[in-house]
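Quick one: the structure is below, and I'll ask about it shortly.
Read the figures in this text as sums done on the coordinates, not as results from a lab. Fair warning: this is a prediction, and the values are worked out from it, not measured in the lab. Using ideal geometry, Cβ is built from the backbone for each residue, glycine included, and neighbour counts are taken over all protein chains shown.
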Amino acid sequence: MSTRLIRFLVPGTGRRFRCGGLSVELQTARLMAGLCATEVVTYRQRQDDLNFLDDCLQREQPDRSILWIVSWGFDVPRLIRRLRGHRVAYHAHSSGYGFDLPAGVPVLAVSRNTLGYWGARAPRNPLCLVPNALADPWFTRGARGKQGARPIDVFVQARKSSPYVLDHLVPALQRAGLRVEVQSGWVDDLVELFNQSTVYLYDSADYWRGRGVTEGFGLPPLEALACGCVVFSSLNHALADHGDPCRTVHQIGCGRLEFDLDRIQRAVRNPSQWRPQVDQLETDLAPYTETCLRESWRAALKHLDALDVLPGPALINPATWQLRWRQRLERLRRVVDRLPGWPAT
């Protein structure tokens, strides 16, 4: 049976839930509406304009033509349990939460980093790659082909930035006479703010290490590249998917503070020598258009529909302790087989 409705589960869409993960779910629901019916359903906050999970489960029986998408990190195991009997898939952003997935639950990974995590942790579950996309304004309004001076030398977003950047690098850049903008509140037009900036700093490694999970995709460095900024970024987790050191981005916190200071000042003075050529940049950004995202989901949905119609139980991922015990037994058997007079097995 083919999918006729996709329901994206989010805790709510209000200000308290605003984050990159929510933006991605809402963007994906909007784009998938061109392939089949889509619906955003909340499960923590009741909203007049959206269905609520409890109400849906009370009034409806499980229907294999409806695909439920869960994504909210720590809520995923509980939501999958509540949706037992329903058709459900995990839209995986960050990894490292520590839970395991039931047999047969597909993983729709937003990055190769996350795909590799689940490819190791749940190799018998269906796995698909559906990379996130930049929204169209970043392509249509991003000033990556425009030359000339910009009013902001260095732009930093305070959220996720490391203490190294905020407490050491930024003050040092300011003492060197650079115009540094540290953004901490809501911005109505983030594209324009990036367009006004020469260098963009993004260092999220400490932020995610402290939380024990990963940078699921890392849109900000791509957004900065789309606006023609020189990008200095950490290379943790999914940032390594699209961050090519010394070509598209430059590693931040690279050895010593003085090295960062020298490179950033030189990038401000001569940005064209530090950012990719425009034609190469267009090639690098091409996989992250909304059109590509829609096609990735189209292929994933076709794959899952084909899998769902076939009979038979889902393959089970063996437990780690079972694998280790089996390997120990195999090593012990090889040792025993070498003993004099012992019949080889």
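Between D48 and D305, what is 0.36 nm times their sequence separation minus the Cα-Cα distance? Round to one decimal in nm.
Numbers: separation 257, 0.36 × 257 = 92.52 nm, distance 3.18 nm.
Result: 89.3 nm gained on full extension.
So how strong a dipole does segment 147-246 carry about its Cα centre when Lys and Arg Cβ are +1 and Asp and Glu Cβ are -1, to the nearest 20 debye?
So the magnitude is around 260 debye.
Work out from phi, with θ = phi - 60° and the Karplus expression 6.51 cos²θ - 1.76 cosθ + 1.60, the ³J(HN,Hα) of each residue of segment 62-68, listed in order in whole Hz, and give x for Gly and Pro.
x, 9, 5, 7, 10, 10, 8
What is the distance in Å between the Cα centres of segment 27-67 and segment 182-254?
The distance from the Cα centre of segment 27-67 to that of segment 182-254 comes to 32 Å.
Still on this model: From the helices alone, meaning DSSP H stretches of at least four residues, give me the mean residue ellipticity at 222 nm for the chain, per-run term -39500 (n - 2.57), in deg cm²/dmol to the nearest 500.
Helix contribution divided over all residues of the chain: -11000 deg cm²/dmol.
Using DSSP to call loops (not H, G, I, E or B), can you name the trypsin sites (Lys or Arg not before Pro) in segment 236-322 whose Cβ has at most 11 other Cβ atoms within 10 angstrom? List each step's numbers first, then the result.
Details: sites: R247, R256, R263, R266, R269, R294, R298, K302; in loops: R247, R256.
Hits after loop and neighbour filter: R247, R256.
Could you give the dipole magnitude of the chain about its Cα centre, charging the beta-carbon of Lys and Arg +1 and that of Asp and Glu -1, in debye to the nearest 20?
1220 debye
Obtain the nm distance between the two label points defined at D279 and A103 by a simple spin-label model: each point lies 7 Å from its Cα along the Cα-to-C-beta direction.
5.4 nm
How large is the charge dipole for segment 1-127, taken about the Cα centre, if only the Cβ atoms of Lys, Arg (+1) and Asp, Glu (-1) carry charge, to the nearest 20 debye?
It works out to roughly 240 debye.
For segment 141-233, rounded, prolate or oblate, judged on the Cα gyration tensor with a ≥ b ≥ c (square roots of eigenvalues), a/c < 1.5 rounded, else prolate if a/b > b/c? Mind showing how you got there, number by number?
Details: a/c = 2.03, a/b = 1.28, b/c = 1.59.
In terms of gyration-tensor shape, oblate.
If you don't mind, another one. With r defined as the distance between the Cβ atoms of A33 and C246 and R0 fixed at 45 Å, what FRET efficiency is calculated, to the nearest 0.05?
Working: r = 40 Å, r/R0 = 0.90.
With R0 = 45 Å, the Cβ-Cβ based efficiency is 0.65.
Kindly identify segment 1-71 as rounded, prolate or oblate by the Cα gyration tensor criterion: order the square roots of the eigenvalues as a ≥ b ≥ c, call it rounded if a/c is under 1.5, otherwise compare a/b with b/c, prolate if a/b is larger, else oblate. All intermediate terms of the calculation are to be shown ahead of the outcome.
On the way: a/c = 2.27, a/b = 1.23, b/c = 1.84.
Because a/c hits 1.5 or more and a/b fails to exceed b/c, segment 1-71 counts as oblate.
Something else about it: Any idea which of L201, G228, G218 is furthest toward the positive side of the dipole for segment 171-253, if Lys and Arg beta-carbons carry +1 and Asp and Glu beta-carbons -1?
L201
Report the trypsin sites (Lys or Arg not before Pro) located in segment 56-113 that are in a DSSP loop and have at most 15 other Cβ atoms inside 10 Å of their Cβ, or state none. Write down the numbers at each step before the final one.
Values: sites: R59, R64, R78, R81, R82, R84, R87, R112; in loops: R64, R84.
Answer by residue number: R64, R84.
Report the GluC sites (Glu not before Pro) located in segment 1-100 that are in a DSSP loop and have at most 15 other Cβ atoms inside 10 Å of their Cβ, or state none. Before the final figure, lay out each step's value.
Values: sites: E25, E39, E60; in loops: E60.
Those that pass, being in a loop and sparsely packed, are E60.
Taking the alpha-carbon centroid of each part, what is the distance from segment 116-137 to segment 265-286 in angstrom?
28 Å
While we're on this one: Would you work out which of P77, L257, L129 lies farthest towards the positive end of the dipole of the chain? Charges go on Cβ: Lys and Arg +1, Asp and Glu -1.
P77
Right, another one. Would you please give the residues with an amide H less than 5 Å from that of Y202, counting only those at least 5 places away or on a separate chain, with H modeled from the backbone geometry?
Counting only residues 5 or more places away or on other chains, the set is F232, S233, S234.
Please compute the contact order of segment 72-195 in relative form: average sequence separation of alpha-carbon pairs under 8 Å and at least six residues apart, divided by the residue count, as a percent. Kindly include the intermediate steps, with their values, before the conclusion.
Details: 120 pairs, mean separation 22.3, N = 124.
Computed over segment 72-195, the figure is 18 percent.
Under a crude label model (7 Å from the Cα following the beta-carbon direction), how far is R18 from Q327 in nanometres?
Calculated label separation equals 4.7 nm.
What label, among (1) 40, 30, 18; (2) 34, 21, 20; (3) 31, 23, 18, belongs to semi-axes √(5λ) of the Cα gyration tensor in Å computed from the structure on display?
(1)
Now for a separate question. For segment 176-186, just list the computed ³J(HN,Hα) in residue order, Karplus coefficients 6.51, -1.76 and 1.60, θ = phi - 60°, integers in Hz, with x standing in for Gly and Pro.
With coefficients 6.51, -1.76 and 1.60, one gets 7, x, 7, 8, 10, 10, 10, 9, 10, x, 6 Hz.
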